[in-house]
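Notes for the one structure printed next.
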Amino acid sequence: MMPRAKLKAQKRDAAEVLLKSRAVPAGGAWITKARQAALSRVSEMGLPNKRDEYWRYTDPRRLTDSEGQAARLHDSQGELPVFDRFDRLKVVFVDGVFDPAQSDPLALEGVEIVPLAEAAQTDLHWARDLYGTLEARAQSPVERALASLNTAYATEGMLIRVTGKPTKPISLIYQRSSEQADAMVHHVVRVEAGAVATILENGPMAARFNQVMEVEIAEGATFHHIRAQGRDHERAGAAHLFVRVGVDAQLKSFTLTANGALIRNEAVIWLDGADGSAHIAGATVGDGAFHHDDTVFINHAAPRCESRQVFKKVLRSGAVGVFQGKILVDQIAQLTDGYQISQSLLLNEDAQFLAKPELEIYADDVKCSHGSTSGEIDPHQLFYLRARGIPEDQAKLLLVLSFLAEALDEIADTAYAEDLRERLEAWLRRRG
Amino acid sequence: MLEIKNLHAELEEDSEVKILKGVSLSIKPGEVHAIMGPNGSGKSTLSYVLSGRDGYEVTEGSATLDGADLLEMDPEERAAAGLFLAFQYPVEIPGVGNMTFLRTAVNAQRKARGEEELSAGDFLKVIRAKAKDLQIDADMLKRPVNVGFSGGEKKRNEILQMAMLEPKMCILDETDSGLDVDAMKLVSDGVNALRDAGRSFLVITHYQRLLDHIVPDVVHILSEGRIIKTGGPELALEVERNGYADLMAEANP
Ligand SMILES: Nc1ncnc2c1ncn2[C@@H]1O[C@H](COP(=O)(O)OP(=O)(O)O)[C@@H](O)[C@H]1O
Ligand SMILES: [Mg+2]
């Protein structure tokens, strides 16, 4: 074990090298201030290192190297992208860069939506107050320097303020065109009191990506977040979701991940107002050189809140799945209801699932439970299906989909869940 | 229909455990045979070996369905060929709806036989009618396969599957266990409704009472992996009165 001081010095050195190689983007006063603050956080923390407890199961090097690695573009063989059948406000990014030509006009009743590049030159008070704020708060109790790096350097992203109940979802679409792109995208979302918003995200984004989404859900508001992270195999990326849930407010977030050499999805959620609710779920399918990491931190900081985490991973032939999930219940958070389940289905012997569930509870009147399992396809179930005439491959597919169903069921609008389920089925069927 | 000749089976993982030690029987189209025997005599093993479950090694003998070698086929091929096993312990499958499961099964078998798949509408019509006869409500059809079903509901669900799949050779493994009198009547009526000249049954049971409802043509007594006696329905009554001990003593003097 390396002494702490030495590790810290090494991490800071790595940060200095990286920071020197990059210029801080130009922008107005407010964003320059936010970027400078983020830079000093990075200098102080240093870059993530595989010796960090927090990166114990996932080597962050591909995410922290000064250059990203190339990744081939996935051939979708004519398949329509996820969510294509839905009426939505399309906002397209190509290799992490906003593409107005492919996007709808940024106009939707009950929503203000402004590209970060544009807002950086002006002064949107609500965005100014949020940009980098939740990311900064997320640096405790563990450091997430990649997210600070994003706050410092991102020039792309959308600032979205929802004041009403828009008739359709906002759909952030991440296309790729280059095998090399290294993207940083930073979104800020504010759902005002009583408003209801749905944000869809889909696509592989870039050969390497670092994404941050900061979300403030005000009193009585609801935020639905449904994400499908594309299917490109060789890409690497980290996505950070930082959400503050207000009084009586509700968050529902779901992520589908298929393939990718290294994908780390971090979520930090603060239940700051009484009677809030946060559900976060993920379904993952990976094969071969696939490393997928869900790292979730939920802080119950107010009474009578409910949180729920449901994570399911199907892994095969060398694929690795990681789940680190922590529920922290503050002393004030009486009558907390917290639930966490993480499960993996290992389709053969060399797949691996590493789970680290944690509970830290300082209130005395709470209900919290967590569980983690790892298993194979149940031979009794498989035989039962086959004995009814269902061929082995089809029976296995049925069992894999049934395993993932519990996570997909976390999506409130079943039309989206069904869309994703159908895609999954087609992908798995093709792979055999 | 079903010809079993000198069937020997042992555990795959432990060849010392010999379970079937030369079982022979022949079931003709339209016949109902019953197999009775004490716990552990090998009744379920026989049903599993016939339907193709992993874990058993057939070391000798044969089993054919209408002349086709069952032991060479995958479980799904045996099902498509017309073999059906109503499980002693139906398996729960969370996340798969009962209806989806049944439709997938019916269509997989039709496909295997080169028949047209059943449309969603037609399937629904047929299943509604058959479910009603077995007093299976819409909720049970929607719920995940066997999850949260009572013992009786699981057994009725097995018979529903049998009715939907219309197999020609039906094996029922202790379908009566765990059933109260009313449920037993429902299940037996379901089975009897399926009886016809082209369909045969092998009814495995520990007790005689099921055979009051489903009257067999032939009764076999299985003990320690061998059929020790074969007779008519009166043999079942004899077992009911005297137990298996006398018969076993007779077989191994
Ligand atoms: N998978 C198995 N593993 C171990 N023993 C088994 C297995 N299957 C059957 N047996 C043994 O074989 C014998 C017959 O079992 P079974 O066929 O279930 O009998 P029955 O259905 O007549 O009660 C029993 O002694 C049982 O313990
Ligand atoms: Mg048995």
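Here is a yes/no grid of residues against (1) in contact with a strand residue (DSSP E or B) (Cβ under 6 Å, 6 or more places away or on another chain); (2) at pLDDT below 95:
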position	(1), (2)
B:S15	no, yes
B:I27	yes, no
B:I35	yes, no
B:Y48	no, no
B:S51	yes, no
B:D54	no, yes
B:A63	yes, no
B:D74	no, no
B:Q88	yes, yes
Problem - Filtered residue count, region B:52-73, keeping only those that are within 16 Å of ligand 1 (Cβ to nearest atom), more than 19 Å from B:L222 (Cβ to Cβ) and touching a Lys or Arg at 6+ places or on another chain (Cβ under 8 Å) - result: 1
Exercise for the section: Check B:K43, B:K125, B:K130 and return the single one that is away from every other protein chain (no Cβ under 14 Å) and within 16 Å of ligand 1 (Cβ to nearest atom). Expected result: B:K43
Practice task
Of all residues in region A:267-280, count the ones that are closer than 30 Å to A:E234 by Cα and buried (at least 23 other Cβ atoms within 10 Å of the Cβ).
Solution key: 4
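Please tell me if B:G114 is more than 7 Å from chain A (Cβ to nearest Cβ), touching a Pro at 6+ places or on another chain (Cβ under 9 Å) and surrounded by fewer than 22 Cβ atoms within 10 Å (Cβ to Cβ).
Considered against the rule, which asks whether it is more than 7 Å from chain A (Cβ to nearest Cβ), touching a Pro at 6+ places or on another chain (Cβ under 9 Å) and surrounded by fewer than 22 Cβ atoms within 10 Å (Cβ to Cβ), B:G114 comes out as no.
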Practice task
Out of the residues in region B:154-184 that are part of a strand (DSSP E or B) and more than 12 Å from chain A (Cβ to nearest Cβ), state the one that is surrounded by the most Cβ atoms within 10 Å (Cβ to Cβ).
Solution key: B:L172
Exercise for the section: Evaluate the following for B:G151: is it free of Cβ contacts under 8 Å to residues at least 60 places away in the same chain, surrounded by fewer than 18 Cβ atoms within 10 Å (Cβ to Cβ) and closer than 30 Å to A:D409 by Cα? Expected result: yes
Handout entry: Residue tally, condition in contact (Cβ under 8 Å) with a residue 60 or more places away in the chain and either more than 8 Å from every other protein chain (Cβ to nearest Cβ) or outside any helix (DSSP H, G or I) (or both), over region B:76-88
Key = 7
Problem - Failed item, numbered, when B:E115 is tested on (1) in a loop (DSSP other than H, G, I, E, B); (2) in contact with a Ser or Thr (Cβ under 8 Å, 6 or more places away or on another chain) - result: (2)
Exercise for the section: Identify the residue in region B:214-250 that is within 16 Å of ligand 2 (Cβ to nearest atom) and on the phi > 0 side of the Ramachandran plot and, among all such residues, is surrounded by the most Cβ atoms within 10 Å (Cβ to Cβ). Expected result: B:G225
Problem - Flag if B:G95 is facing chain A (nearest Cβ under 9 Å), within 16 Å of ligand 2 (Cβ to nearest atom) and among the small types (G, A, S) - result: no
Exercise for the section: Go over the candidates B:V96, B:V91, B:V49 one by one and state the one that is in contact (Cβ under 8 Å) with a residue 24 or more places away in the chain, within 16 Å of ligand 1 (Cβ to nearest atom) and under 30 Å from B:R128 (Cα atoms). Expected result: B:V91
Exercise for the section: Report yes if some residue within region A:373-389 is buried (at least 16 other Cβ atoms within 10 Å of the Cβ) and in contact (Cβ under 8 Å) with a residue 40 or more places away in the chain; otherwise report no. Expected result: no
Exercise for the section: Would you please name the residue that is surrounded by the most Cβ atoms within 10 Å (Cβ to Cβ), looking only at residues in region B:83-92 that are under 12 Å from the mean Cα position of the chain (by Cα) and either more than 16 Å from ligand 2 (Cβ to nearest atom) or of a type in the set (S, T, Y) (or both)? Expected result: B:L83
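Got a sec? Which helices (runs of 4 or more DSSP H) wholly within region A:1-92 have at least 3 residues that are acidic (D, E) and in contact with a Pro (Cβ under 9 Å, 6 or more places away or on another chain)?
So the answer is none; nothing clears 3.
The values are calculated or read from the model by the stated rules, or taken from the named source; none is laboratory data. These numbers come from a predicted model, not from an experiment. No Cβ is skipped: glycine too gets one built from the backbone with ideal geometry, and neighbour counts run over all protein chains shown.
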